[in-house]
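Before any comments, here is the structure.
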Amino acid sequence: MSDTRRGLLKQASEKLAAGGIETAALDARLLFQAASGLQHEDIVAEPELMVPLDIAARFSSFLERRCKFEPVSRILGTREFYGRSFRVTPEVLDPRADTETLIGTALGLAKGREPLCILDLGTGSGAIAVTLL
């Protein structure tokens, strides 16, 4: 892989796309940000800076996991959901689009009902209960 931020991201996006990852560019950027500790603005502002070997190695290991179709949220250990960050491990389900539908339906049913009782069995990450509360 190339040694610059831009080069690493370009090659990573191409590798992920070739492996059948539909969101290759986004996934490459998110994984690079996690590996480097940089924000998107930092990468865009200085794309030609060289990437230290330890960061390149961490990024490469993240890419290998993603090429095996491991979800980005599992690689990063967190998932954003309704504006909150939830810890995601192999023991919990990853909040998905159908979870958002569930939240929207529950909130619609709850309008005007006070107090509202909620039971969330097998909470996992807590995304549903925390978001509804």
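The values are calculated or read from the model by the stated rules, or taken from the named source; none is laboratory data. Predicted model, so just to flag it, every value in this text is computed and none were measured. Backbone-built Cβ (ideal geometry, glycine too); neighbour counts: all protein chains shown. Heads up: the accessible areas ignore ligands, DNA and RNA and are worked out on the full protein's heavy atoms, side chains in. Shrake-Rupley method; radii C 1.70, N 1.55, O 1.52, S 1.80 Å.
Let me check I've understood the local charge: for Ser13, count other residues with C-beta under 14 angstrom from its C-beta, Lys and Arg +1, Asp and Glu -1. What total comes out? If you can, show how the numbers build up before the last one.
Details: positive: Arg5, Arg6, Lys10, Lys15, Arg29, Arg66; negative: Glu14, Glu22, Asp27.
After counting each charged neighbour, the total is +3.
What does the charge count around Pro71 come to, taking other residues whose C-beta lies under 12 Å from its C-beta (Lys +1, Arg +1, Asp -1, Glu -1)? Charge balance near Pro71 sits at +3.
Principal-axis analysis of the Cα atoms of the chain puts helix 24-36 at an angle of about 80° to the longest axis. In the context of the full set of protein chains, residues of the chain present 64 Å² of accessible surface per residue (probe radius 1.4 Å, heavy atoms only).
Of all lysines in the structure, those lying under 18 Å Cα to Cα from Lys68, and not within fewer than 8 positions of it along the same chain, are Lys15. Which of rounded, prolate or oblate describes the stretch 61-100 when judged by the alpha-carbon gyration tensor and an a/c cut-off of 1.5? Since a/c reaches 1.5 and a/b is larger than b/c, the shape of the stretch 61-100 is classed as prolate. In this simple spin-label model, placing a label point 7 Å from the Cα along the Cα-to-Cβ direction at both Asp120 and Ala106 gives a separation of 0.6 nm. Within the accessible area of the chain, the carbon and sulfur atoms contribute 56%, probe 1.4 Å, all protein chains present.
When the helices of the chain are scored as -39500 (n - 2.57) per DSSP H run of n ≥ 4 and the total is divided over every residue, the value at 222 nm lands at -16500 deg cm²/dmol. Shown here: the chain, whose C-alpha atoms stretch 58, 30, 23 Å along the first, second and third principal axes, sorted largest to smallest.
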